[in-house]
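To keep things clear, I will list the structure first and then write my remarks on it.
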């Protein structure tokens with residue numbers, strides 16, 4: 001590690017909305033990254049952020065979260081947001097015209113990678129990783145992993 005570079009710090013803010021409005025937070029999260037500080041917020045719903053930081057503040061906060069894990073999303077706004085954040089793929093849709101000789105056509109159509117309504121019943125969490133994309137992940141239970149338990153016990 002270079003002399004002028006500080007040790008990495010993880011600032012984990014559980015139940016983030018309960019901390020209330022912090023005026024400097026939306027500016028700080030982008031600046032902290034350059035200071036080797038990663039910010040992790042934990043919350044139940046995007047609506048909680050909207051209530052405290054308004055929609056524009058929520059957008060700034062979420063745009064600066066390079067890693068997002070979603071266990072489920074029950075409100076329509078969150079479902080739509082996470083579906084759009086996941087992106088879309090092009091699927092070829094086959095259709096058959098029953099008239100005029102039964103011609104078959106193939107048309108490309110944009111389809112969400114994860115439909116909004118799927119977020120209400122996720123069996124596996126969804127991970128959004130900056131520059132890597134989106135994927136389903138398995139839950140990791142540190143207390144079921146001997147290596148992780150030993151790391152915790154070292155502290």
**OP:** Can you tell me which residue among 31, 77 is outside any strand (DSSP E or B), within 23 Å of residue 130 (Cα to Cα) and in contact with a helix residue (DSSP H, G or I) (Cβ under 9 Å, 6 or more places away or on another chain)?
**Re:** 77
**OP:** Go through (1) closer than 15 Å to residue 119 by Cβ; (2) in a helix (DSSP H, G or I) and name the single condition residue 18 misses.
**Re:** (1)
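Counting just the residues of segment 134-155 that are in contact (Cβ under 8 Å) with a residue 12 or more places away in the chain and surrounded by 11 or more Cβ atoms within 10 Å (Cβ to Cβ), which one comes out nearest to the chain's Cα centre (by Cα)?
134
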Subject >> Close pairs (7 angstrom Cβ cut-off, 6 or more residues apart or separate chains): at negative phi and touching a residue at least 60 places away in the same chain (Cβ under 8 Å) in segment 26-42, part of a helix (DSSP H, G or I) and surrounded by 12 or more Cβ atoms within 10 Å (Cβ to Cβ) anywhere >> reply: none
Original post:
For residue 52, which of the numbered conditions (1) more than 18 Å from residue 133 (Cα to Cα); (2) out of contact with any helix residue (DSSP H, G or I) (no Cβ under 8 Å at 6 or more places or on another chain); (3) modelled with pLDDT of 95 or more fails to hold?
Top reply: (2)
**OP:** Filter segment 10-25 for residues that are at positive phi and modelled with pLDDT of 95 or more and give the result.
**Re:** 20
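The values are calculated or read from the model by the stated rules, or taken from the named source; none is laboratory data. Only a predicted model underlies this, so the values are computations on that prediction, with no experimental measurement involved. Positions of Cβ are backbone-derived with ideal geometry, glycine not excepted, and every protein chain shown enters the neighbour counts.
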